[in-house]
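Here's the structure, in structure tokens; my notes come after.
Since every read-out is calculated from the coordinates, none of them should be taken as a lab result. Since the model is a prediction, treat every value here as computed from it, not as a measurement. As a convention, Cβ positions derive from the backbone with ideal geometry for all residues, glycine included, and neighbour counts pool all protein chains shown.
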Amino acid sequence: MNIKHQIARTISLLFHPLLIPTLGFLLLMNSSFYFALLTFQAKKYVLLVVFLSTFLLPLVSIGILTMNPRFDRSMDKNTDRIVPMLFSAIFYYMGYYYLGRIPIYPVYRVFLISSVLTIIILLIITLRWKISAHMAGIGGLIGAIIALSLRLGINSSLLLAGLIGVAGLVGSSRLLLGKHNPLQIYVGFFLGFAVNYLVLNYI
């Protein structure tokens with residue numbers, strides 16, 4: 001494996017779709033959005049719930065699936081992604097449920113439920129066609145930040161410029177690794193973007 005492929009694999013891992021929600025919450029909590037005003041204890045609880053429900057539990061479920069010799073851990077086929085996505089949707093909803101048990105800004109739960117909706121749509125599409133979950137994740141984060149910026153009248157141009165740059169790197173990495181073709185990259189991005197933008201802008 002050459003250096004370009006190693007870099008592409010590293011980028012794909014750093015911005016894996018399961019890590020995007022945690023990254024998104026960290027950005028919200030350390031930005032100019034008023035959600036940064038949460039107490040430190042509340043932030044710890046929120047991040048713990050989000051990390052467990054959107055990363056650790058889905059990752060453990062994938063690890064269990066790999067014990068089955070018929071399961072392809074590389075998930076190169078679209079059908080290999082169906083069960084992991086189903087588990088992810090369930091765990092994401094669990095995170096949404098537990099965040100509702102504490103008095104926090106409702107947008108945190110909306111952000112998570114928009115992620116659940118994105119996964120469900122990805123799951124439906126995956127039944128017939130392979131689509132980029134990586135691009136749906138980063139596209140969804142960009143859509144969410146734009147929606148919140150418009151609703152709150154906050155200038156987040158620098159943050160968005162950085163995220164758009166990351167989206168370009170992720171898309172290029174997936175193409176270089178041969179995981180997707182350009183259409184799957186574009187559709188994944190715009191699906192994630194549209195769902196999260198519409199949910200966070202109008203709910």
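What to note about this one:
- Evaluated with a Cβ-only charge set (Lys, Arg +1; Asp, Glu -1), the chain carries a dipole of roughly 160 debye about its Cα centre, given to the nearest 20.
- Computed extension length for R70-L150: 24.1 nm, one decimal, from 0.36 nm per residue of separation with the Cα-Cα distance subtracted.
- From the alpha carbon centroid of the range 154-180 to that of the range 47-85 is 23 Å.
- Helix 133-152 and the longest principal axis of the Cα set of the chain meet at an angle near 20°.
- Where Cα atoms sit under 19 Å apart: lysine pairs in the chain separated by 8 or more or lying on different chains: 4
- Leading residue at positive end of dipole, the chain (Cβ point charges), from L141, L127, L169: L127
- Separation of the L86 and L177 label points, Cα + 7 Å toward Cβ, nm: 2.4
- Once C-alpha pairs closer than 8 Å and six or more residues apart are averaged by separation and normalised to the residue number of the range 3-202, the relative contact order reads 28 percent.
- Peptides 41-47, 115-121 ordered by packing proxy, namely the average of other Cβ atoms within 10 Å per residue, highest first: 115-121, 41-47.
- Each 10 Å bin from zero holds the following percent of Cα-Cα pairs in the range 3-202: 9, 36, 38, 15, 2, 0.
- Separation in nanometres of the label points that stand 7 Å from Cα toward Cβ, at L56 and I203: 2.5
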